[in-house]
Structure formats: structure tokens, C-alpha cells
Amino acid sequence: MMKRLCLAAVILLAVAACSSTSPHGQAAEAAQPAAPAMPAGMEHISYAGGDGADCSRAVVIRGAKNEMEGIRAENIWILWVYPGARKTGQSLVQRGGEPHDVIRFVTAGGEEGSMCFDISGFFGKW
């Protein structure tokens, strides 16, 4: 009887753990902020839009003064969603007449992924 109760408890915990993951497969954290904390000197940058899973749900970077800040903001976002990820490539695409970056990466777990950013706010600014 005790073995059955232990087995039932393990199964219940496994089901609960699986149901508390984010769309990106990471464990959900109750206190996780809606956007990453920005480092000193970049507090003026914010994020809007979607989760970046494709360009119809692009992450919008707001407030970047130039391309250098914008690219750094892309990197911060990716590492916030996928800690330990490594960038493997980038493509510039147009969607609705606006420039977007599609960033390819490998997660810390070895999975390949990509994320789309609306870069219209800083594209071409030096």
C-alpha cells in the first residue's frame, strides 16, 4: 500500500512539473518579470510585442538609440529566455515593410532555435 502511495505521489509531482512550463520549455517562475532587467546605461530600452517565435509575433525593441544598443538588447532578450544560449546566425528580413532580425541560436541544452525581432526603431541608426 505504501509503495502505491509513493508511486502516486511521484506521478502527481511529475504531472504538476510538466504543466508549469513556459511556451519555451523552461520552468515557470512565479516572480519572473515580464522583461529582463537592463544593465546600467540601457535602462531606457524596453520590449513590446510578442514572444518572437516567428515574425508575426516579433519582439519589438523600443528606445535603442542605435544599432549597437539594439543588437545588445536582442542578445539580452535571448539570454533571458534561453540562459546559456549561443548565437549561431542572423538574417535581415522585411515584414510589412519593416526590418526584422531573425536570430538563430543553440540553447544550453543543444537545441537549435530562432527568434524574430522588430528592429524598425533602431535599424540604420549609427
inquiry  = Looking at (1) assigned to a loop (DSSP other than H, G, I, E, B); (2) touching a strand residue (DSSP E or B) at 6+ places or on another chain (Cβ under 8 Å), which one does residue 99 not meet, given that it meets all the others?
reply    = (1)
request  = Report, ordered by the first and then the second residue, all pairs with beta carbons closer than 8 Å, sequence separation of six or more or different chains, a first member in region 71-87 that is of a type outside the set (Lys, Arg), and a second member that is part of a helix (DSSP H, G or I).
outcome  = 85/78; 85/79
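From the set of residues in region 85-96 that are of a type in the set (A, V, I, L, M, F, W, C) and in a strand (DSSP E or B), which is farthest from residue 75 (Cα to Cα)? Walk me through how you get there before you give the answer.
Start the filter on region 85-96 by keeping residues that are of a type in the set (A, V, I, L, M, F, W, C), which leaves 85, 92-93.
Checking the rest, the ones that are also in a strand (DSSP E or B) come to 92-93.
Values: 92: 15, 93: 18 Å.
Going through the qualifying residues, I end up with 93.
Any chance you could count how many residues in region 102-119 are in a loop (DSSP other than H, G, I, E, B) and in contact (Cβ under 8 Å) with a residue 24 or more places away in the chain?
Step one: filter region 102-119 for residues in a loop (DSSP other than H, G, I, E, B), giving 107-111, 119.
Narrowing the set further to residues that are in contact (Cβ under 8 Å) with a residue 24 or more places away in the chain leaves 107-108, 119.
Result for region 102-119: 3.
Listed here are the residues, each with its yes/no results for (1) in a strand (DSSP E or B); (2) out of contact with any Ser or Thr (no Cβ under 7 Å at 6 or more places or on another chain); (3) modelled with pLDDT of 50 or more; (4) under 20 Å from residue 83 (Cβ atoms).
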| site | (1), (2), (3), (4) |
| --- | --- |
| 15 | no, yes, no, no |
| 25 | no, yes, no, yes |
| 29 | no, yes, no, yes |
| 33 | no, yes, yes, yes |
| 36 | no, yes, yes, yes |
| 39 | no, yes, yes, yes |
| 43 | no, yes, yes, no |
| 51 | no, yes, yes, yes |
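The values are calculated or read from the model by the stated rules, or taken from the named source; none is laboratory data. All values derive from a computational prediction rather than experimental measurement. Cβ atoms come from the backbone with ideal geometry, glycine included; neighbour counts cover every protein chain shown.
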